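Below is one structure; the comments refer to it alone.
Here, each number is a calculation from the coordinates, and none is a lab measurement. Keep in mind it's a predicted model, so treat the numbers as computed, not measured. In this analysis, Cβ positions are derived from the backbone assuming ideal geometry, glycine residues included, and neighbour counts consider all displayed protein chains.
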Amino acid sequence: MGMIILVACITIAGHLGGSITHGADYLTAPLQSSAVTARKPIANVQEAIVYTDIIEPILSAKCYSCHGSGKQKESYG
């Protein structure tokens with residue numbers, strides 16, 4: 001019986017901690033259609049600038065919403 005109570009307490013504490021750190025919709029946000037952003041296709045991959053054309057759009061779509069402008073470093077490119 002004690003093990004069931006312990007697992008329930010850990011589950012509740014984990015969920016509440018996630019809500020505090022990531023926001024109330026942290027479990028359902030990836031499932032919402034607004035979370036999907038379209039990226040422009042790269043015309044010629046061989047001529048792409050790796051950071052500007054490939055990495056920065058991914059960071060912009062996935063990271064900058066939580067790690068906002070106060071924590072962003074300048075982009076090189």
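Subtracting the Cα-Cα distance of C63 and A24 from 0.36 nm times their residue separation leaves 12.3 nm of extension gain. Each peptide in 4-14, 18-28, 53-63 gets a packing score, the mean of other Cβ atoms within 10 Å over its residues, and the list from highest to lowest is 53-63, 18-28, 4-14. In this simple spin-label model, placing a label point 7 Å from the Cα along the Cα-to-Cβ direction at both L6 and Q46 gives a separation of 6.1 nm.
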